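Undergrad: Here it is: the structure, laid out below.
The values are calculated or read from the model by the stated rules, or taken from the named source; none is laboratory data. It should be emphasised that the depicted structure is a prediction, and the values quoted were computed from it without experimental measurement. Cβ coordinates were reconstructed from backbone atoms using ideal geometry, including for glycine residues, and neighbour counts include every protein chain displayed.
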Amino acid sequence: MDTSQYIIRTEQELEKCCDEFFYADSEVARAARYSLLNAGKRTRAILIYLTAQMCGQDWQDYLRLAAGVEMIHCYSLIHDDLPCMDDDDYRRGKPSCHKVFGEATALLAGDALAGCGLQVIINSSFSDSEKVKAVMAATAAMGPKGMIYGQELDLRYENRPADKQTLNNIHRHKTGRMISLCGLLGSIRSDITDIQAEKLKMFFDNIGLVFQIVDDILDVEGDARLLGKPIGSDEDKNKSTFVSLYGLEQSKEIARQLTLRAENAVREAFGDKADQLVEYTTYLLNRKK
């Protein structure tokens with residue numbers, strides 16, 4: 001499917017948000033812009049838009065929510081790359097934020113994007129009650145029972161084997177919670193039934209895990225030029241991954257089965273309206289970067 005219109009509008013909105021919420025002469029702002037406006041896939045933004053469309057809404061009304069989520073996601077990438085975390089020198093084909101601006105500025109740039117992401121959501125066109133709901137969902141997804149807990153577990157199990165249940169727990173928090181957030185935000189203005197909400201949650205819970213499995217697969221057999229970073233970094237750091245626990249082919253099969261489960265769930269709830277969202281999950285399963 002052609003996602004170019006979504007990506008272009010997201011980039012425009014992110015530029016606008018940077019101009020609105022950052023000082024022009026700030027080195028921290030320059031570092032934040034460097035990482036944020038660096039040709040991301042905008043997967044989370046697109047998932048919000050497609051969910052909104054499936055629920056009968058105009059996806060362009062969700063630009064601010066999507067921009068806020070992309071900012072929060074970028075904060076996590078900047079911090080993830082730091083020497084005290086995953087210690088990665090490259091991100092999206094360019095030197096990581098801390099390699100260009102230094103660790104202190106990169107740390108502050110990540111902090112700025114985390115706070116600014118929430119500020120952007122609050123400055124959306126939604127009603128006050130919808131904004132409160134959106135911010136509560138975002139802070140839960142990124143917080144100590146969400147993405148941060150996943151990162152904590154990821155660090156705890158470096159150089160220490162994780163069993164299958166622990167690995168699932170790591171990635172359902174570290175990657176999955178922010179993916180699941182997209183379903184909550186994309187449906188926030190819609191009058192969907194409890195069953196539809198349950199099926200939508202099931203869809204995103206499964207897709208969040210698929211996204212991480214595909215990342216693990218690409219770290220083994222991906223193209224470094226497309227990924228924008230060296231492959232094999234998980235093995236070099238002795239990390240437990242789906243590939244290290246299940247093997248390459250079984251990991252691919254697990255990703256396929258989870259994708260099928262997700263697609264069936266959302267089709268049961270939304271029928272043909274789910275076509276675009278389902279089509280995008282096929283891209284996520286087969287992506288090369």
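Undergrad: Which of the residues that make up the stretch 230-260 are closer than 17 Å to Y157 by Cα and acidic (D, E)?
TA: Within the stretch 230-260, D234, E235, D236 qualify.
Undergrad: List the residue pairs whose Cβ atoms are under 7 Å apart, where the first residue sits in the stretch 162-179 and is on the phi < 0 side of the Ramachandran plot, the second is part of a helix (DSSP H, G or I) and aromatic (F, W, Y), and the two are 6 or more positions apart or on different chains.
TA: What qualifies is L167/F242; H173/Y149; T175/F211; I179/F204; I179/F211.
Undergrad: Another one. Hey, could you check the stretch 208-256 for residues that are basic (K, R) and over 19 Å from Y90 (Cα atoms) and say which is surrounded by the most Cβ atoms within 10 Å (Cβ to Cβ)?
TA: Within the stretch 208-256, the match that is surrounded by the most Cβ atoms within 10 Å (Cβ to Cβ) is K252.
Undergrad: Tell me the residue from Q12, Q53, Q60 that is part of a helix (DSSP H, G or I), at pLDDT 95 or above and surrounded by 15 or more Cβ atoms within 10 Å (Cβ to Cβ), please.
TA: Answer to the selection: Q53.
Undergrad: Further question on the same structure: Among the residues of the stretch 158-180, which ones are outside any loop (DSSP other than H, G, I, E, B) and either among the small types (G, A, S) or more than 18 Å from A45 (Cα to Cα) (or both)?
TA: Within the stretch 158-180, K164, Q165, T166, L167, N168, N169, I170, H171, R172, H173, G176, S180 meet the criteria.
Undergrad: Kindly establish whether A112 is of a type outside the set (D, E), at pLDDT 95 or above and in contact with a Leu (Cβ under 7 Å, 6 or more places away or on another chain).
TA: Judged against the criteria, A112 is not a match.
Undergrad: For the stretch 85-100, name all the residues that are modelled with pLDDT of 95 or more and touching an Asp or Glu at 6+ places or on another chain (Cβ under 7 Å).
TA: P95, S96, C97, H98, K99 - these are the residues of the stretch 85-100 that are modelled with pLDDT of 95 or more and touching an Asp or Glu at 6+ places or on another chain (Cβ under 7 Å).
Undergrad: Inspect the stretch 56-74 for any residue being over 19 Å from K16 (Cβ atoms) and more than 15 Å from the chain's Cα centre (by Cα) and give the result as yes or no.
TA: yes
Undergrad: Another question, if that's okay. Does the stretch 35-48 include one or more residues that are in a loop (DSSP other than H, G, I, E, B) and free of Cβ contacts under 8 Å to residues at least 40 places away in the same chain?
TA: yes
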